[in-house]
Each structure stands twice: as C-alpha cells, then as structure tokens.
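A quick write-up on the structure given underneath.
The values are calculated or read from the model by the stated rules, or taken from the named source; none is laboratory data. Only a predicted model underlies this, so the values are computations on that prediction, with no experimental measurement involved. Positions of Cβ are generated from backbone atoms using ideal geometry, with glycine treated the same way; all protein chains shown enter the neighbour counts.
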Amino acid sequence: MAGASFRGRVDDERVVAALRALSSVARLRILRQLGSPRQPSEIRVDGARERRGLRLDRILSRPAVSQHLAVLEKAGLVARGPDGYVIHQQSVFALLVELGALARIHPVVEVDVALTRTRAPETLPASIPPRPRLVLVGAQDERGVYPLQGRGPWRVGRSGEVDVRLWHDPHVSREHLVLTLAGDRLRVHVSPHAKNPVLVDLASVPGGGEADLAPGAVLVVGGSALVFQP
C-alpha cells in the first residue's frame, strides 16, 4: 500500500482486504501480542463475546489462533519467520498513511509557519538527543529523534547501514538521500534511485536533485515528515 499523495494511486483492494482482516476482536488482540515473534502456541487470546445477554469467556484454541493468523498473513499485516509470527510494521504503517489521507483537510487560511517554528523546540522533552537533530513529526514512531553527530555526511533511508533509519516507512528507499552541512543549513542530495519524491517545505526535489533545508524547515521523505533543528 502507498499513500495517494506519494504514488498517485491508492491500492483500494488491498486497503479493503486489510480492513476486513481487522474486523475481528480476536485478530486485533492477536496483533497486539506480535510486537515480537511468537508461535501460535504462545498466543493466548480471550474469545469473550456477548450472546443473548450472557458473557461467554473462553481462550481461543491453537487451531483457531492459527486460522486468524492465516487471515492476517494473507492481508499482509503479519509476517512469518523462523521464530514465529510478527506484525508487519511496513504494511501497518502504509495502512495508517492510507487512512490518514482520508482525514486530510486542506486549510482555507494560511498558517503562521514562523510562529510554529519558534514554538516547536519548547514542546519537546528535555531528555531527547542534543542538536543538531531531525525530529520525526509525520509518523507513528516512538524513536523519532535523530541526532546528527559529527560533521556528516548523513545518509537517510530504510537500510540498516544508514545514519537516519526510517525503518517503519515502506515509501522510503534503502538509501533515499544524503545530508551535508551548508552553513547553518542542511543540503539535501536526493538519490537518483529514490522511488518516491522528497519535499523540502512543500517544494518537490526530484531524484538526483538538491535543495537546502533551513532551520525549522520540514523535510518529507516517503511518508515521513522530519523537522530540522540545528
């Protein structure tokens, strides 16, 4: 799945299949247990339900859990490995992007960007990494602050070998772009092999192109938005 704003076309059938797979209390409860790999025998799900005013409590059998896992796997929401089933983070993130696009409302008034930039640092916890840094503001990621250590360059992508790893975002290439220092700004060098566009303060930067990222500016890579704080 990919957001309409990034690929131009939404895979509606895949979204519907994912929503059907999620239309079960038992499957939602299974997903919550798959933050780390688990075998079907390690998953315990309360199958409680209401019937004619009576509450029927029972633990789902292993075959029932396996059937639910098969549905989730077919929808691409879980993956099966040697250590068991685990939630497919990229597919779930892509689904959130799709659903979030439905709620997007275009503003009818201009936003005071300068005021927003001056207030943003004060809203951040004091314990986050030191500056300069990139702060992830456009995705569900608990580890959304990336310190830019040294003098660079810093590689941004989904690979385990980059400096700023956006592992959660399926719209990000393995090495999507490179950042270098340019005074008090960051220079963005987009890889010619990047499959999805890069935006610097809403201006598109094509593959192989460059742009300067000013302090407080927003950098959009794939489906993730980051704010530069020098």
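Structure notes:
- Subset tally (residues that are of a type in the set (A, V, I, L, M) and at pLDDT below 90) for the stretch 207-219: 2
Matching residues to (1) in a helix (DSSP H, G or I); (2) at pLDDT below 50; (3) surrounded by fewer than 17 Cβ atoms within 10 Å (Cβ to Cβ):
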site	(1), (2), (3)
Arg44	no, no, yes
Val65	yes, no, no
Leu69	yes, no, no
Arg80	no, no, yes
Val86	no, no, yes
Ala94	yes, no, no
Ala101	yes, no, yes
Ile105	no, yes, yes
Thr118	yes, yes, yes
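- Gly53 vs. criteria at pLDDT 90 or above, small (Gly, Ala, Ser) and on the phi > 0 side of the Ramachandran plot: no
- Here Arg185, Arg174, Arg155, Arg133 are screened, and the one residue that is among the charged types (D, E, K, R) and under 23 Å from Glu98 (Cα atoms) is Arg174.
- Pairing residues of the stretch 213-226 that are assigned by TED's automatic domain parsing to the domain that holds Arg174 and under 20 Å from His193 (Cβ atoms) with residues that are in a strand (DSSP E or B) and aromatic (Phe, Trp, Tyr), at Cβ distances under 7 Å and at least 6 apart in sequence or on separate chains, gives Leu219/Phe228.
- Residue match in the stretch 150-161 (condition: assigned to a loop (DSSP other than H, G, I, E, B), crowded, with 19+ Cβ neighbours inside 10 Å and of a type outside the set (Val, Ile, Thr)): yes
- Filter result for Ser204 (outside the structural domain of His88 (by TED's automatic domain parsing), assigned to a loop (DSSP other than H, G, I, E, B) and modelled with pLDDT of 85 or more): no
- Scope the stretch 172-191; condition part of a loop (DSSP other than H, G, I, E, B) and either outside the structural domain of Arg158 (by TED's automatic domain parsing) or touching a strand residue (DSSP E or B) at 6+ places or on another chain (Cβ under 8 Å) (or both); matching residues: Val172, Ser173, Arg174, Glu175, His176, Ser191
- Residue check for His171: modelled with pLDDT of 65 or more and either small (Gly, Ala, Ser) or within 23 Å of the chain's Cα centre (by Cα) (or both): yes
- Residue in the stretch 153-163 that is of a type in the set (Lys, Arg) and over 20 Å from Val92 (Cβ atoms) present: yes
- Subset of the stretch 166-175 (residues that are surrounded by 18 or more Cβ atoms within 10 Å (Cβ to Cβ) and not hydroxyl-bearing (Ser, Thr, Tyr)): Leu166, His168, Asp169, Pro170, His171, Val172
- Any chance Ala75 is crowded, with 18+ Cβ neighbours inside 10 Å and either in contact with a helix residue (DSSP H, G or I) (Cβ under 8 Å, 6 or more places away or on another chain) or at pLDDT below 75 (or both): yes
- Selection count where residues are more than 15 Å from Gly157 (Cα to Cα) and not β-branched (Val, Ile, Thr), scope the stretch 173-207: 12
- Test: Gln39 is modelled with pLDDT of 90 or more, over 24 Å from Glu13 (Cβ atoms) and assigned by TED's automatic domain parsing to the domain that holds Val92: yes
- Criterion applied to Ser191, Ser224 was being surrounded by 18 or more Cβ atoms within 10 Å (Cβ to Cβ) and farther than 20 Å from Val137 by Cβ, and the one residue passing it is Ser191.
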